[in-house]
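Read-outs throughout are calculated quantities, based only on the coordinates presented, and are distinct from any laboratory measurement. Because the structure is predicted, anything quoted here is derived from the model rather than measured. So basically every Cβ, Gly included, is an ideal-geometry build from the backbone, and we count neighbours across all protein chains shown.
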Amino acid sequence: MKNAILSHLPGDFPWQVQYFDTIDSTNTYAKKLAADGAAHGTVILADHQASGRGRMGRSFCSVGGAGIYLSVILRPNCQATELMHLTCAVAVAACDAVEQVCGFRPGIKWINDLIAQGKKLGGILTELSLDPATGLVNYAVVGIGINCRNQEFPEDIRHIAISAEAVTKKAVDRSKLSAALISALQKMDKILLTQKSEIMARYKENCITLGQEIFLLRGDEKRPCRALGLNIDGALQVIYADGTTEFVNSGEVSVRTR
Ligand code: BTN
């Protein structure tokens, strides 16, 4: 699989790729490597994750032979406050890769979910390590999971999950999609700090949450509101029934159906 992935990347591709048949979580492993000094652009891929992780402490279904489970270590030389849009940038790169290889473009449910036919195609988990004294980023680990070949899902997520093959009705080449993803991430990394407004404009075009009546879920709170817009850091602007507005940069949303 590793050789197949590399065969779809240029010979002088600057990032290093590591591949595992099975691992607990590519993000957990990438964080260990990063703490031990691994280089910017170290990519970890696994065929199967025993404990794939999602946002909010959830698990991410990571069946062997079915999905793409990828993490990359980034070492942008900047303050954490300059990197608030990282998950958004990664989501746009993931949409580019899926569109290039699978022929359809997923939507993005704020902030980190890739959506196709109203269901979850994949997700992004971004984890940062900061120097508390300076606020500088030591490293960022960006994890992406994409359901590619799954024919079915476990009972608890069957109604909300979808795979790329279920959309295309054709075989999806995971090595081609992995390579496209790595390449899109590397392109994104080159413009991450210099083309923030362009990246966020593209995120906005893909974001299916905007304009929708939603519930904002934060901790135990579930508040109805409407998604109005996004700021340059990817915070979601919402308006509540009493007319007050707020920019939200934590939590998640669910769509309200009447
Ligand atoms: C989410 O849906 O909340 C985010 C899912 C992120 C899953 C990916 S799979 C590769 C990487 N390793 C993990 O344990 N999680 C991310």
Worksheet, complete the sentence: Lys and Arg at +1, Asp and Glu at -1: neighbours of Ala4 with Cβ under 10 Å from its Cβ sum to +2
Worksheet, complete the sentence: The residues Leu9, Leu70, sorted from fewest to most surrounding Cβ atoms within 10 Å, come out as Leu9, Leu70
Worksheet item: Tally Lys and Arg at +1 and Asp and Glu at -1 over the other residues with C-beta under 10 Å from the C-beta of Cys88: what net charge comes out?
Response: +2
Worksheet, complete the sentence: 1/(1 + (r/R0)^6) with r = Cβ-Cβ of Met84 and Thr245, R0 = 25 Å, i.e. FRET efficiency to nearest 0.05, evaluates to 0.85
Practice prompt. Please report the Cα spread of the chain along all three principal axes, rounded to whole Å, starting with the longest.
Written response: 57, 48, 31
Item to complete: Using θ = phi - 60° and the Karplus relation 6.51 cos²θ - 1.76 cosθ + 1.60, list the HN-Hα couplings for segment 163-173 in order, rounded to whole Hz, with x at every Gly or Pro.
Response: 10, 4, 5, 5, 7, 7, 6, 9, 5, 9, 7
Worksheet item: Applying the Karplus parametrisation 6.51 cos²θ - 1.76 cosθ + 1.60 with θ = phi - 60° to the phi angles of segment 61-77, what ³J(HN,Hα) value in whole Hz is obtained for each residue in order, glycine and proline being reported as x?
Response: 4, 10, 5, x, x, 10, x, 10, 10, 9, 10, 9, 8, 10, 10, x, 8
Worksheet item: In segment 98-255, what % of DSSP beta bridges are antiparallel (nearest 5)?
Response: 95
Item to complete: Count the net charge of all other residues whose Cβ sits under 15 Å from the Cβ of Gly145, scoring Lys and Arg as +1 and Asp and Glu as -1.
Response: +4
Fill in: Gain on full stretching of the segment that runs from Asp233 to Ser197 - 0.36 nm per residue minus C-alpha separation
12.0 nm
Worksheet entry | Per DSSP, loop chymotrypsin sites (Phe, Trp or Tyr not before Pro) in segment 168-258 with at most 14 further Cβ within 10 Å | Tyr240
Discussion item. Positive end of the dipole of the chain, charges at C-beta (+1 Lys, Arg; -1 Asp, Glu), about the Cα centre: which of Phe215, Gln117, Ala35 has its Cα farthest in that direction?
Written reply: Gln117
Item to complete: Give me the percent of Cα-Cα pairs in segment 35-107 that sit more than 20 Å apart, rounded to a whole number.
Response: 48
Response to the item:
Length gained, Asp131-Arg218, 0.36 nm per residue minus C-alpha separation, equals 28.7 nm
Discussion item. Please rank Ser25, Ser254, fewest neighbouring Cβ atoms within 10 Å first, as an exposure proxy.
Written reply: Ser254, Ser25
Response to the item:
Footprinting proxy, Arg75, Arg53: sorted fewest to most Cβ within 10 Å, the residues are Arg75, Arg53
Worksheet entry | Pairs of Lys in segment 126-226 closer than 22 Å at Cα, counting only those 8 or more apart or on different chains | 6
Item to complete: Taking a cut-off of 12 Å between Cα atoms, list the aspartates and glutamates near Lys109, but don't count ones fewer than 8 places away on the same chain.
Response: Glu205, Glu252
Worksheet item: Across all directions of projection, what mean area in square nanometres is found for the Cα convex hull of segment 183-258?
Response: 6.2
Worksheet, complete the sentence: note: segment 1-123, Cα-Cα separations exceeding 17 Å make up a percent value of 64
